[in-house]
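Single-structure report; data block below.
The values are calculated or read from the model by the stated rules, or taken from the named source; none is laboratory data. Please read these numbers as outputs of a predicted model, since none were measured by experiment. Cβ placement follows ideal geometry from the backbone for every residue including glycine, while neighbour counts extend to all protein chains displayed. Please note that ligands, DNA and RNA were not included when accessible areas were found on the heavy atoms of the full protein model with its side chains. Shrake-Rupley method; radii C 1.70, N 1.55, O 1.52, S 1.80 Å.
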Amino acid sequence: MLVFPCAKINLGLNVVARRSDGYHDLETIFYPIPLYDTLEVTVIEDAAEDASPCDLQITGMELEGDPDDNLVVRAYRLLAQDHALPKVHIRLHKAIPSQAGLGGGSSDAAYMLRVLNEMFDLHIDAPTLTKYAARIGADCAFFIQSTPAYATGIGDVLTPLEEEQIPLSGRYMVLVKPPVAVSTREAYSRIRPKAPAMNCTEAAHMPLDAWREHLTNDFEESVFPLYPEIRQIKDQLYQEGAVYALMSGSGSAVFGIFDKEPEIGNEVFQGCQVFTMEL
C-alpha cells in the first residue's frame, strides 16, 4: 500500500503552562499543507524466522539515529503488541525537511498506523487509532485525520476546525527551511509559559491581515536570539509581500502566506530549502 504523509504548520503556538510531568500545556492550530513524504508498505513473503519483522529503507535524505528507532518502526511495534501482524518491508522517501517544526516524522508514524489498520483489517476506529498515535508523539494524533484542528494539552487534545473557519484556501505559501536544526528540548528550556492575550481560534477568525499582530508563536522569543538567520527569513518574507509569516513549531522552518502566487527567485533565500505551494 502506498500513501503520502503530509506536513503541517502551526498557525499560532502559545505555551501556556509547565506541567508536573515535565511537559508543557500549549494551544495551537495544526494545519496540513501539500508537502508530502512517500510511504510504501508491502508484506514480506516467505520471510525467514530470524528476519526483522519490520524492514525499513529510507531514501531522499539521511536521518540521524538508528533506523530501528524510527517512528515508523515504533508505530509497527506498537500495534504488534495488540495485533498479529505479518513481517513487512517499508520504503520511506523523505521530502519533508526534518527538525523543521513540520511534523514529518510524526506524520510518517501516524500514516503507518493507518496503513497497517487498513491493510490487515484490524478494524481499529479513529478515536482508538488516535490514542495509539498519541503514545508515539504528541502531534502524531493530528495526522490520523490530517484536517485542520485546534490543539490543546501537549498537542494531543484536538478539536476539528472547518476549512471555512481558516481563510487560507486559494492563497499561496512559501516555506523556507534554513540549514540549521533547532533542538526542541533547548527551545522549551528557554520558554516562559504564559496565558496568551488572545486564543488561537479567536485570532484565526479575524481577517488575515490581523494575524500578524494576534496569531503568534511563543518559540520565536526563545529561538530567534539563538538563530538570528531564522528571524531574518521571517522579515524577508514580509519584505517579499507576505500577509502573514511565522516560524512553525519550535523551528527551524518559516512560512509566509501570500494573497497571490509570489515570484521569489532562488537568490532570495540562498542555502535554504524553499517550497512554494497553493493552499
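Structural remarks
- If you filter region 174-185 down to residues that are out of contact with any Asp or Glu (no Cβ under 8 Å at 6 or more places or on another chain) and crowded, with 16+ Cβ neighbours inside 10 Å, you find that the one that is nearest to P228 (Cα to Cα) is V182.
- Flag for V176 being of a type in the set (A, V, I, L, M), over 25 Å from R135 (Cα atoms) and in a loop (DSSP other than H, G, I, E, B): no
- Residue identified as in a helix (DSSP H, G or I), hydrophobic (A, V, I, L, M, F, W, C) and either touching a strand residue (DSSP E or B) at 6+ places or on another chain (Cβ under 7 Å) or crowded, with 20+ Cβ neighbours inside 10 Å (or both) among V41, V16, V72: V72
- Selection over region 228-253 of residues that are open to solvent by less than 60 Å² (accessible area, probe 1.4 Å) and either in contact with a Ser or Thr (Cβ under 7 Å, 6 or more places away or on another chain) or assigned to a loop (DSSP other than H, G, I, E, B) (or both) gives a count of 10.
- Within region 200-226, the set of residues being buried (at least 19 other Cβ atoms within 10 Å of the Cβ) and either aliphatic (A, V, I, L, M) or more than 18 Å from the chain's Cα centre (by Cα) (or both) comprises A203, A204, W211, L215, S222, V223.
- Top-ranked residue of region 95-144 - restricted to ones that are within 22 Å of V176 (Cβ to Cβ), part of a helix (DSSP H, G or I) and not acidic (D, E), ranked as most open to solvent (accessible area, probe 1.4 Å): G105
- Filter result for K194 (among the charged types (D, E, K, R) and assigned to a loop (DSSP other than H, G, I, E, B)): yes
- Those residues of region 160-173 which are surrounded by 13 or more Cβ atoms within 10 Å (Cβ to Cβ), modelled with pLDDT of 90 or more and over 23 Å from P262 (Cβ atoms), in sequence order: L161
- Given (1) open to solvent by 40 Å² or more (accessible area, probe 1.4 Å); (2) closer than 22 Å to L13 by Cβ; (3) part of a loop (DSSP other than H, G, I, E, B), number of the condition K260 does not satisfy: (2)
- Test: R91 is under 18 Å from the mean Cα position of the chain (by Cα), open to solvent by 50 Å² or more (accessible area, probe 1.4 Å) and in contact (Cβ under 8 Å) with a residue 12 or more places away in the chain: no
- Leading residue by the ranking (least open to solvent (accessible area, probe 1.4 Å)) among those in region 75-88 that are touching a Pro at 6+ places or on another chain (Cβ under 9 Å) and not hydroxyl-bearing (S, T, Y): V88
- Residues being surrounded by 14 or more Cβ atoms within 10 Å (Cβ to Cβ) and free of Cβ contacts under 8 Å to residues at least 12 places away in the same chain - total across region 19-38: 0
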